[in-house]
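If you scroll down you'll find the structure; I have some questions about it.
Read-outs throughout are calculated quantities, based only on the coordinates presented, and are distinct from any laboratory measurement. On a predicted model such as this, the values are computed, not experimentally measured, just so you know. Neighbour counts run over all protein chains shown; Cβ positions are idealised from the backbone, glycine included.
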Amino acid sequence: MRQKRKRFEANKWLKHLIEPRHPIYNTIKGKWNDLYFQNKHPITVEIGCGHGAYTIGLAKIFPERNFIGIDIKGDRLWKGGEEAKTYGLKNVAFLRTQVTHLLDFFAENEVAEIWITFPDPRPKTRDIKRRLTSIRFLNLYKAILIQNGPIHLKTDSNLLFNHTLDLLQEKGIEPLNYTTNLYRSSLIDHHFGIQTTYEKRFIAQGMQIYYLCFMLK
């Protein structure tokens, strides 16, 4: 608890972290490239970014793109913000908010791509609507994505993977790519060697990693 308090205090001074006390927190919608990045590069968003491993990793590889990691846990975002500062990354931001509030922070067509990395699978039937690939959230993503903007799902959950495939089939959407075992698939080349903390743990336990890429109609 003491460490969390220290991190919350340190967050006040992290320029890469946009949270409620930040001066542009309530005015950033539709203005990420103007107010924050100060360029016109396409924006990739990582949903439920945790410590920001994917946000940081992709930003290092693609300096010609902008990356925003979203999570509600301030102590996790602290790590991502510190890494962005350490590496001097100018194409990274972290936003502290609930995913349900996406429309408060992003305008129509403002986002070019979305990554959903190892979200809570919400296995209980009563929590289906809370899964980050439920119809509710897919509609939020569609509202902020450019036309044909890809969505990537990476998960260790067979349940979430199949649930998402079933939803896409119901909506008449054909996945662009998918695999039930990423590390034995040619699709691994599209992941640039980036691994989240959870992913490393799952791989060490011999678990399969599922991957799915699709575009919303």
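Give me the distance in nm between label points sitting 7 Å out from Cα along the Cα-to-Cβ direction at MET207 and LYS15, one decimal.
A separation of 3.8 nm, rounded to one decimal place.
Another question, then. Per-residue counts of other Cβ atoms within 10 Å, averaged by peptide: what ranking do you get for 106-119, 27-40, highest first?
106-119, 27-40
I'd like the distance separating the alpha-carbon centroids of segment 123-178 and segment 49-102, in whole Å.
Cα centres, segment 123-178 to segment 49-102: 22 Å.
Run the simple label-point estimate for ASN177 and ASP189 please: 7 Å along Cα→C-beta, distance reported in nm.
It is 0.9 nm.
Rounded to the nearest 0.05, what FRET efficiency do LYS200 and THR97 give with R0 = 22 Å and r taken as the Cβ-Cβ distance? Could you check?
For LYS200 and THR97, the calculated efficiency is 0.25.
Sorting check: for 156-166, 77-87, 192-202, which peptide has the highest mean count of neighbouring beta carbons within 10 Å, and how do the rest follow?
77-87, 156-166, 192-202
Of the listed peptides 168-180, 57-69, 127-139, what is their order by residue-averaged count of other C-beta atoms within 10 Å, with the highest listed first?
The most tightly packed comes first, giving 57-69, 127-139, 168-180.
Quote the FRET efficiency, to the nearest 0.05, computed for ASN148 versus ASP104 with a Förster distance R0 of 25 Å and r equal to the Cβ-Cβ distance.
Efficiency at R0 = 25 Å is approximately 0.55.
Return, ordered by residue number, the residues of segment 94-115 whose backbone nitrogen is under 17 Å from a label point located 7 Å along Cα→Cβ of LYS40.
Only 109-112 pass the distance filter.
Nearest 20 debye, what's the magnitude of the dipole of the chain about its Cα centre given +1 on Lys and Arg Cβ and -1 on Asp and Glu Cβ?
860 debye
Also, quick follow-up: Given 0.36 nm per residue, what is the gain on full extension from ASN33 to ILE135 after removing their alpha carbon distance, in nm?
Fully extending the segment from ASN33 to ILE135 adds 33.9 nm.
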